[in-house]
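Data first, discussion second: the structure below is written as structure tokens.
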Amino acid sequence: MSRPTIAGVARAAGVSVASVSRVLNGLPATEEMVERVQRAVEELGYVPDARARSLKVGRTFQLTLAVADVGNPVYVTMMRAVEEVVSAAGYRLVVTTTGPDVVDEVALVRGMARGYADGLVISPLRVDDDLIKSIRECDVPVVVAGNVPSSAGVDTVRANSPKGMLLAVEHLLTKGRKRIAFVNGPVDTVPGTARAKGFADAMKANGLRAVAEVEAGDFTFAAGREAGVELLSGLDIGVRGSGVEARGGRPGAEARGGRLDAVIAANDLLAVGVMHELAARQLVVPDDVAVIGMDDSELAEQCFPPLTSVNLGSAERGRRAAELLLARIDDDTRTPRRIVVQPTLSVRKSTP
């Protein structure tokens, strides 16, 4: 059986092909004509040819969201927000993973020249000159959900990680926790750099020194668990809940800053990994060690105990990035905008 055509719809509706086209493209038409065309479309099972439409108007009506890891809950939240905005504007969203390497990020941006999407929102884990150059020269509009230099001349939406770290440190201080350790992801990444500086500034502003700082190999649960092993093996920890004292095996733990009573992690996955390692050593959260994550993803509510986390506005960042991209598609001469989304703290049971 042959596929229904627009001409067949026109015959069934008793109108011209031009009239059918007007109705299908949402152009002004009489109520009677709209009803006749829609009835014919339903009876014949007509489906518009998206490829032909794309060729005619010069658009694919697809947009791409590129993130480092689609399995990270924070990116899922961002994806949902982007999809809600672009679908309301008549676009489909294609989500892809770049991985952690900037070379792959560059290849993806350059690949946009193949014409499979009308624009790109990218959240790069690492940024270098090649990536900035490829974004500038990209054949389609690009919005960066992250931090790139203002000299890049592109639309950006980023979180205020330093302020988020300050919220975390000050919250712990109100709970009487001053012996704080920091578990970061790789410091050569965009979030790793921002959160390391934010933590250092927040501690200095409050007259504190970190008990310890550990750099995890990635921003994943497994990396958080490994970082927890490294952190706890070298520290003296007073176990408040059980009355037992657990000490790391390496000498000089006291010299590294004394007993640990709180950990701030650079994201929720790392925080939950640390919490698992604490539990494996029979340490109770928050009685023995308070834990704070960052991102305030769905995972923060789902773990046990529920995780206090800095909300860096992933949904808001996704929504604003999508809006900037749509505006850029409509007018590529606009002055680039740099939007900063402010953080809040979601307090849960992992802090006392």
### Residues of segment 318-333 satisfying the condition of being open to solvent by 80 Å² or more (accessible area, probe 1.4 Å) and touching a helix residue (DSSP H, G or I) at 6+ places or on another chain (Cβ under 9 Å)
319
#### Entry: Filter pass, residue 241 being within 22 Å of residue 303 (Cα to Cα) and modelled with pLDDT under 95
yes
### Task
Only residues in segment 318-347 that are within 16 Å of residue 91 (Cβ to Cβ) and assigned to a strand (DSSP E or B) count as the first member; pair them with residues that are open to solvent by 30 Å² or more (accessible area, probe 1.4 Å) and not basic (Lys, Arg), Cβ under 8 angstrom, at least 6 apart or cross-chain, and list the lot.
none
### Task
Go through (1) of a type outside the set (Ser, Thr, Tyr); (2) closer than 16 Å to residue 191 by Cβ; (3) in contact with a strand residue (DSSP E or B) (Cβ under 6 Å, 6 or more places away or on another chain) one by one and return the number of the condition residue 78 breaks.
(3)
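Kindly indicate whether residue 103 is within 20 Å of residue 339 (Cα to Cα) and either modelled with pLDDT under 95 or not in a helix (DSSP H, G or I) (or both). Reasoning before the result, please.
Details: within 20 Å of residue 339 (Cα to Cα): no; either modelled with pLDDT under 95 or not in a helix (DSSP H, G or I) (or both): yes.
For residue 103, the condition - within 20 Å of residue 339 (Cα to Cα) and either modelled with pLDDT under 95 or not in a helix (DSSP H, G or I) (or both) - is not met.
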### Matching residues in segment 178-190 - criterion: being open to solvent by less than 10 Å² (accessible area, probe 1.4 Å) and over 30 Å from residue 132 (Cβ atoms)
180, 181
#### Entry: Criterion (modelled with pLDDT of 95 or more and either of a type outside the set (Phe, Trp, Tyr) or touching a Phe, Trp or Tyr at 6+ places or on another chain (Cβ under 7 Å) (or both)) met by exactly one of 139, 155
155
### Residue check for residue 336: open to solvent by 20 Å² or more (accessible area, probe 1.4 Å) and touching a Gly at 6+ places or on another chain (Cβ under 6 Å)
yes
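Per-residue answers, yes or no, for (1) over 16 Å from residue 78 (Cβ atoms); (2) open to solvent by 50 Å² or more (accessible area, probe 1.4 Å); (3) hydrophobic (A, V, I, L, M, F, W, C):
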| site | (1), (2), (3) |
| --- | --- |
| 125 | no, no, yes |
| 133 | yes, yes, no |
| 136 | yes, yes, no |
| 145 | no, no, yes |
| 161 | no, no, no |
| 168 | yes, no, yes |
| 171 | yes, no, no |
| 174 | yes, yes, no |
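Test of understanding: among 271, 279, which residue is of a type outside the set (Asp, Glu), out of contact with any helix residue (DSSP H, G or I) (no Cβ under 6 Å at 6 or more places or on another chain) and free of Cβ contacts under 8 Å to residues at least 24 places away in the same chain?
Values: 271 fails: free of Cβ contacts under 8 Å to residues at least 24 places away in the same chain.
Of the residues listed, the single one that is of a type outside the set (Asp, Glu), out of contact with any helix residue (DSSP H, G or I) (no Cβ under 6 Å at 6 or more places or on another chain) and free of Cβ contacts under 8 Å to residues at least 24 places away in the same chain is 279.
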### Query
Before we move on, is residue 154 hydrophobic (A, V, I, L, M, F, W, C), touching a residue at least 24 places away in the same chain (Cβ under 8 Å) and surrounded by fewer than 21 Cβ atoms within 10 Å (Cβ to Cβ)?
no
### Message
Going residue by residue through segment 75-89, is there one that turns out to be within 17 Å of residue 330 (Cα to Cα), open to solvent by 10 Å² or more (accessible area, probe 1.4 Å) and touching a residue at least 40 places away in the same chain (Cβ under 8 Å)?
### Response
yes
### Message
Can you pull out every residue in segment 191-202 that is over 23 Å from residue 145 (Cβ atoms) and surrounded by 20 or more Cβ atoms within 10 Å (Cβ to Cβ)?
### Response
202
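Only residues that are assigned to a helix (DSSP H, G or I) and loosely packed, with under 15 Cβ neighbours inside 10 Å: list them for segment 297-317, please.
Applying the first criterion (assigned to a helix (DSSP H, G or I)) to segment 297-317 yields 298-302, 314-317.
Passing the criteria: 298, 301, 302.
The values are calculated or read from the model by the stated rules, or taken from the named source; none is laboratory data. Nothing here was measured: the structure is a model prediction, and the numbers come from that model. All Cβ positions, even for glycine, are placed from backbone atoms using ideal geometry, and neighbour counts span all protein chains on display. The accessibility values were calculated without ligands, DNA or RNA, using every heavy atom of the protein model including side chains. Shrake-Rupley method; radii C 1.70, N 1.55, O 1.52, S 1.80 Å.
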